[in-house]
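The block underneath contains the structure these notes are about, expressed in structure tokens.
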Amino acid sequence: MDDRSSTTEEVRRLRAAVEDLERRARAVSSPAKRHDLTNAVGAARNALELLSENPEGKTAERFLEMAQRNIDRATELVGGESSGAADSRSARNERDDLRGTSEREHRETFGL
């Protein structure tokens with residue numbers, strides 16, 4: 001199996017995971033958890049769409065990694081019940097894909 005066919009198979013697997021997670025997200029009752037879940041699924045779906053526009057090189061590798069990371073996060077949210085808001089990435093104001101910083105690191109900027 002060459003690199004191109006293995007990438008195609010991986011994209012097919014990731015798209016199937018996104019479809020499954022979208023379906024499962026509709027059954028989540030907690031609005032906060034559903035929000036975090038749909039954000040992760042949407043980021044994965046968008047990364048796969050961008051991959052289809054630029055399927056070569058380092059950019060493709062980055063989009064595959066982004067899709068996989070967000071699918072893993074969504075799977076974690078669907079599979080395990082968080083015991084509190086402190087465990088939620090959005091509660092900590094983190095932005096994984098943009099590699100942004102948290103509010104705690106910008107206290108002076110926010111006047112806190």
Quiz item: Are there any pairs with C-beta distances below 8 angstrom linking a residue in region 18-35 that is under 19 Å from residue 46 (Cα atoms) to a residue that is in a helix (DSSP H, G or I) and modelled with pLDDT under 90, with the two at least 6 apart or on different chains, and if so which?
Solution: 35/90
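Results for (1) touching a Ser or Thr at 6+ places or on another chain (Cβ under 8 Å); (2) at pLDDT 95 or above; (3) among the β-branched types (Val, Ile, Thr), shown as yes or no for each residue.
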residue	(1), (2), (3)
16	no, yes, no
34	no, no, no
52	no, no, no
55	yes, no, no
67	no, yes, no
85	no, no, no
97	no, no, no
106	no, no, no
Exercise. Would you check if there is a residue in region 42-65 being loosely packed, with under 15 Cβ neighbours inside 10 Å, part of a helix (DSSP H, G or I) and aliphatic (A, V, I, L, M)?
Key: no
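The values are calculated or read from the model by the stated rules, or taken from the named source; none is laboratory data. Everything numeric in this text was worked out from a predicted model, so none of it was measured. Note that we place each Cβ from the backbone using ideal geometry, even for glycine, and neighbour counts take in every protein chain shown.
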